[in-house]
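Read through the structure below, which is laid out as structure tokens, and then see the notes.
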Amino acid sequence: MKLTVLGKYGPYPPAGGATSGYLLEEGETRVLVECGSGVLSRLQRFVPIERLDAIVLSHLHSDHTADLFILRYALQNAKTQLRVLLPPNPAEEFERIAGCPPFAAEKIQEGAAVNIGAFSFAFARMTHPFESFGMRVTDGRHTLVYTGDSNWNSRAVSFARGCDLLLADTGLPNSAKQDPKAFVPHFTAGEVGALAAQAGVPRLLCSHLPPSVPESSILEEVRQNYLGAELAQELKTYEL
């Protein structure tokens, strides 16, 4: 399995960057996970649009879907349709995507297994202002777990156990959660490190990084709980 990071920032990109987007490849199967701002241009460095087998969206915030509505023009030009797996809520956002003729929309269901070529996807509901799903992707030999956007919850720990690589939402510095009772929409850096440690994963890749915070400080906070953590690098391909 190959993972290429097309965009690693959220909720907006810095100059020259892109928000969430990840290309998964195994054999002839190519799946785009998330389609944020700047992702479509970068995707075409690695694969022609018409060679995609599907797009899978964890949730429907714009930093994960923005380029989807530009992609539709390319699909219309190619006179082709593409599977898009996405949460059913918010309903108006689902209908906006499902109503585009180039997209063959399929609702994500928790616990359901979905096969896309060489990959099998399973989904677990996370905690975020929009309905959001973590993904467990296997090619039969290796397993990637992607948290999507979420804050801390025990479900994420059990969902990540046994994977070869955890790709985690590292959306906030530790200082964002000074009040333990306050709701925050993302994992803090320290929580991502604790998640990886408690799940016993062999490799942690931190993504969905806040562009307003120095990346070195985010990594330092993650490594307080998981020493081997890595920051995702845009346009880099990782082998599982």
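Throughout, read-outs are computed from the coordinates displayed, never taken from laboratory work. What you see is a predicted model, and the numbers here were worked out from it, not measured in a lab. For neighbour counting, all protein chains shown are included, and Cβ atoms are generated from backbone atoms with ideal geometry for every residue, glycine included.
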If the label point is 7 Å along Cα→Cβ of H142, which residues in segment 206-238 have backbone nitrogen under 13 Å from it? 237-238
Under the rule a/c < 1.5 gives rounded, and otherwise a/b versus b/c splits prolate from oblate, where does segment 50-93 land using the Cα gyration tensor? prolate
Binning at 10 angstrom from zero up to the longest distance, how are the C-alpha pair distances of segment 16-147 distributed in percent? 12, 47, 35, 5
Translational diffusion coefficient, Stokes-Einstein: compute it for the chain using the Kirkwood radius over C-alpha pairs as Rh, at 37 °C and 0.692 mPa s, and state it as an integer in µm² s⁻¹. 186
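Could you compute Rg(Cα) / (2.2 N^0.38 Å) for segment 106-177, with N its residue count? Mind showing how you got there, number by number?
Details: Rg = 12.8 Å, N = 72, 2.2 N^0.38 = 11.2 Å.
Computed over Cα atoms of segment 106-177, the ratio equals 1.14.
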May I ask you to order 94-101, 170-177, 152-159 by the average number of other C-beta atoms within 10 Å around their residues, highest value first? 170-177, 152-159, 94-101
Could you give the nm distance between label points at F183 and Q109, where each point is 7 Å from its Cα heading toward the beta carbon? 2.8
On a straight-distance basis, which lysines could pair with K177 in a cross-link, Cα separation under 24 angstrom, same-chain partners fewer than 8 positions away excluded? K8
Please give me, ordered by residue number, the GluC sites (Glu not before Pro) of segment 1-81 that lie in loop per DSSP and have at most 10 other Cβ atoms within 10 Å. E28
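When the helices in the chain are scored as -39500 (n - 2.57) per DSSP H run of 4 or longer and the sum is shared across all residues, what 222 nm value do you end up with, to the nearest 500 deg cm²/dmol? Before the final figure, lay out the partial values.
Details: 7 runs with 55 residues, N = 240.
Only helices count here, giving -6000 deg cm²/dmol.
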Relative contact order, percent, segment 2-239 [alpha-carbon distance under 8 Å, six or more residues apart]: 18
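Placing unit charges on C-beta atoms (Lys and Arg positive, Asp and Glu negative, everything else neutral), compute the dipole magnitude of segment 137-202 about its Cα centre in debye, rounded to 20.
The dipole of segment 137-202 has a size of about 160 debye.
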